[in-house]
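What follows is a set of notes on a single structure, which appears directly below.
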2 protein chains.
Amino acid sequence: MKHRIAMAVGREPVETLIINAKVVDVFSGLVRHDAVAMGEGVFVGFGHREAREVVDAQGAYLLPGLIDAHIHMESSMVTPARFAEMVLPHGTTSVVADPHELTNVCGTDALQFLLASSRALPLHIFLALPSCVPATPFEDNGAVLEAGDLTPFMDDPRVVALGEMMNYPGVLQADPALLDKLALSRRNRKPVDGHAPGLLGNNLDAYLCTGITNTHECSTAEEFHANIMRGCRIFLRDSSAARNLPDLVPLVTPGNCHRCAFCCDDRHASELLTAGHMDEVLRKAVALGMDPVTAVRLCTLNAAEAEGLQGKGAVAPGFDADCVLVDDLASFNVRATFSRGRRVAAEGSVLTQLTDPPLGPLLNSVRMAPLHENSFALPLPSGKARVIRLYPGSLTTDEELHDVACVAGLFDPRRNKGLCKLAVIERHRATGKTGVGILAGYGLHHAAVATSISHDSHNIVVCGDDDADMLAAVRRVDAMGGGIAVAGDGEILAELALPVAGLMTQDAPQTVVRALDAIHSLLHRQGVPNDVAPLMSLSFMALPVIPALKLTARGLFSVTDWNFVPVDAGTPR
Amino acid sequence: MKHRIAMAVGREPVETLIINAKVVDVFSGLVRHDAVAMGEGVFVGFGHREAREVVDAQGAYLLPGLIDAHIHMESSMVTPARFAEMVLPHGTTSVVADPHELTNVCGTDALQFLLASSRALPLHIFLALPSCVPATPFEDNGAVLEAGDLTPFMDDPRVVALGEMMNYPGVLQADPALLDKLALSRRNRKPVDGHAPGLLGNNLDAYLCTGITNTHECSTAEEFHANIMRGCRIFLRDSSAARNLPDLVPLVTPGNCHRCAFCCDDRHASELLTAGHMDEVLRKAVALGMDPVTAVRLCTLNAAEAEGLQGKGAVAPGFDADCVLVDDLASFNVRATFSRGRRVAAEGSVLTQLTDPPLGPLLNSVRMAPLHENSFALPLPSGKARVIRLYPGSLTTDEELHDVACVAGLFDPRRNKGLCKLAVIERHRATGKTGVGILAGYGLHHAAVATSISHDSHNIVVCGDDDADMLAAVRRVDAMGGGIAVAGDGEILAELALPVAGLMTQDAPQTVVRALDAIHSLLHRQGVPNDVAPLMSLSFMALPVIPALKLTARGLFSVTDWNFVPVDAGTPR
């Protein structure tokens, strides 16, 4: 601190001075020409002074480092180091990561890994501790995180919030385990991320009463206003799966903008590589009519305030020296990114390759009981089946009854046009639990696809029209320690290894994108309709909270009945 | 929490429902007709629902409870219970109190007393821990508060900040004891109140670098903008001694208003009784052109955010049910005040008399060594004196050299027209230290006035033209356990007992105001010019940080030289 004061006063030279910058002042809502001095990782002041290094911004705009207020990094399918390499060149210097997927597989090991990542990387990874692991009580996932498990993490300054409280029916029923987690966060004066799409009126009152402080699930004007007036901050979301900016940006006013920030929630590697990250969100917001300085404020100071990120979100003395130089406030084309005073990215690339901390217990997370030729056999004595109907572009399914053709009393997809066999295999504790069902609307033929990404428990989901191909695909996923595999005629036709918790890889994101492209093309060629996302749709087949009929490793689950139901429609439910 | 959820959802009736209110929504910047439900001391939701008690607001505006972001309650001269009785009817439900004066006398006992007061009273008293006790290293005050003394208090949820860091030269010099206190606050993630009038440029950069988060000492546009752009929040001040609203209100814009709040700093009982408190600040701000809802936001949510007051500052589910009903957004005439869901004041009065916690160690704080007839003797062998020149309406003085008439080698005020004798007597540890000097510009004759209010060490200051009267006045202050006394011809002519730390009383504020009026009138009659504040000016005569010449119990101090100097001008300095 002594040295910092000396640099600020001018008794000692500063480390870096950025001159000729148009500084975006998120406190005043103004832009002004100024020089910005940095040292010891923080901004020490404005104006010219003696410096060891001078950076000429050549008239570029200087913004505070961009902040994603809520993201699941797992959606990029790459590890934090690879993720950081993608987003730093786009100006992102901080993210609030909710590792809901990683912790469902690896529990607190995932939290330790991410805290180590945060310490090792120039991307500041703040954690929101997942509040709903497992997502439902009747699932087989890799870990259970109760309030007691989260408590030791709350002291870490990098742990900033309790992650999205998705179990809102549980909150409204005052579920003691959830109230314990909410109390833990309140005691630690940390925000609680909300997740309650469509909740309004008294139920929203009750949900927010418990101390939930923000939501990123807002998609309509009604929800926006209902949340704002109740003190719930809005994270305007631009995820790869949900584009809320066009609906929400017009609702942001000078009077309510202090309660808004931006987040990406889920963002695929392909989009991060091509379109960008928070720079793309800024471009979109400004194109939709938001005042550019306001947009920057949402993406910096407001996010920092909403998630309690100390010393982040502004260019001002004592704040962390995270900043971005951009060409202008419309394209937001990033020239250079600084993290804690060091230039870490320029002209689209990081300046040094980044390294993950040891992956340790996140590797070898796939632990399956041996499978047999008849593991996926599905006897249907009645010849009538309860079938999951999948719809394009939707995560909700319907329950349908079908008369099906069997061979030796067993369901045979090849004799039932339009139907595939679907299986979910427990893969965390090698219990051998395997649920088998029937899927309509997927269309896959002469192939099988298996994936270890299946929300939220991330068991292995496999779909196909031939037991041998299904077996081959699952065994390949097992052999890779997690990932995605497509098999046909007993051969592996395409694959992507995801050895980190079965969800991520340390390979280059470009490699991931190419592999995913190949798998998607292949699956569409093998019959998956072009308007169905072949992997995303399967990944949600095992999530028994979205209506109406889903499959878990314990069997077919009717979300409507909130209970398991037999596949054989001749058996009473 | 279970009951709270049940009330919010509507499974159980709420405790109180306020209907027909125009709710000021500080999140949206809007006003809307709504019903507001309360229970368990918090707001549980909006809209009609079953309630045990219904309050018809009859179209009144419902504001969040008003917050004073920075106040020294000592300036009212009454104890917290009496203070609360004054301000609750004016809509104030929370104050951030900086007990700089009380702690200079009673140290941590004062902090314990105020925390007990906060628990006992419906006024929420949050504490900013005084950072500069003593104010200077060469003073005799009642206590020393180092970082280690403050540490145990930082955990209390009612302790919200480190109090105003007045020793800004010390900060710029990186004084280790000050840096320790700043580090303590940073570790506890608590704001630090600033106090550095006129600081700009590099020095302001350095001061803010250390983690100082707000200032209430801003009086010009230049200071306002310099602080705002550096991330330092502005508390627009309307104190009895410094009226900054006319200069600052016009500078508040939609772009920077999120960084502003209001405070009173010092407010006398007379003003609190007649003009009001934060309601008066709102009236003034709106009269000066501020948007009324913005003004309310500054006085509620912004203050809560600036000082980290959890659950304060808004009418919203889960927030503390502190609110105020006012006639309109111009007069801000308060109809009723609610604190944690209970109606505590209406139509100008509190609904129950309030009680201070036991005063304990705050009583009997005056501990003086015995005085003698010649305690105030001032030998001036050279016949030339270094004199303090007092100016009307100013706290700064000048040093003047005077030829003075002596009797038996001792200075005699009655033979030196326009000069008074001034003495400061140490009164915390009965050390007997007594400084004697000469004051020009005070004009008092045939009387002496003594007071135990003397910033910041609160030793006893006495001024007069006759040693016997001075002795009588000081002895009366001692006998009262602190206070103010005027003596003439050996008799006590007027007095105000301030037995609580020598600064405050439990008597009714009206009594205090009457006594002060009587003392002021008497002193003006006895020669104090009408444009000199007779008590305020004396109270600052012993503060050796304001230029140029002051008197302490250790002798005459030249702030210009930053050293003690002799009164006899014939002695080399």
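The values are calculated or read from the model by the stated rules, or taken from the named source; none is laboratory data. Computed from a prediction, not measured in an experiment: that's the story for all the values here. Note that each Cβ is placed from the backbone with ideal geometry, even for glycine, and that neighbours are counted across all protein chains shown. Calculation scope for accessible area: heavy atoms of the full protein, side chains included, ligands and nucleic acids excluded. Shrake-Rupley method; radii C 1.70, N 1.55, O 1.52, S 1.80 Å.
Structure notes:
- Taking a straight Cα-Cα cut-off under 18 Å and skipping sequence neighbours fewer than 8 places away in the same chain, the lysines within cross-link reach of A:K433 are A:K421, A:K550.
- Dipole in debye (nearest 20) - segment B:263-406, about Cα centre, beta carbon charges: Lys, Arg +1; Asp, Glu -1: 280
- Threshold 50 Å² - residues in segment A:281-324 whose accessible area is reduced by that much or more when the chain is no longer isolated, probe 1.4 Å: A:Q310, A:P317
- Taken along the Cα-to-beta-carbon direction at a fixed 7 Å, the label points for A:E50 and A:F564 span 7.6 nm.
- Full-extension gain in nm, B:R11 to B:L200, via 0.36 nm per residue minus C-alpha separation: 62.3 nm
- Only Lys, Arg, Asp and Glu carry charge here, each on its Cβ (+1 for the first two, -1 for the last two); on that basis segment B:121-203 has a dipole of about 400 debye about its Cα centre.
- Helix-only arithmetic for chain B: the sum of -39500 (n - 2.57) across DSSP H runs with n ≥ 4, divided by the residue total, places the mean residue ellipticity at 222 nm at -7000 deg cm²/dmol.
- Hydrodynamic analysis of chain B uses the Kirkwood radius over alpha carbon pairs. Inserted into Stokes-Einstein at 25 °C and 0.890 mPa s, it gives a translational diffusion coefficient of 99 µm²/s.
- Under 16 Å from the Cα of B:K181 - aspartates and glutamates, other chains or at least 8 residues apart: B:D98, B:E146, B:D149, B:D155, B:E164, B:D193
- Positive end of the dipole of chain B (Cβ unit charges, origin at the Cα centre): among B:P64, B:Y207, B:T220, the Cα lying farthest that way belongs to B:P64.
- Spin-label pair A:S382-A:A183: with each label point 7 Å from Cα along the Cα-Cβ axis, the two points sit 4.6 nm from one another.
- Cα centre as origin, Lys/Arg/Asp/Glu Cβ charges: segment A:58-140 dipole, Debye: 380
- The calculated FRET efficiency for B:R119 paired with A:D531, based on their beta-carbon distance and R0 = 41 Å, is about 0.05.
- Projecting label points 7 angstrom from Cα along Cα→Cβ for A:R415 and A:Q506 puts them 5.0 nm apart.
- For the protein assembly as shown: accessible area per residue (Å², 1.4 Å): 33
- A Förster radius of 35 Å combined with the Cβ-Cβ distance from A:S521 to A:A408 puts the calculated FRET efficiency at roughly 0.50.
- With Cα atoms, 0 to 90° folded angle of helix B:176-187 axis to chain B main axis: 10
- Furthest towards positive pole of dipole, A:A494, A:V565, A:V462, structure part segment A:437-573, Cβ charges: A:V565
- Solvent-accessible area buried by A and B, counting both chains, probe 1.4 angstrom, square angstrom: 4300
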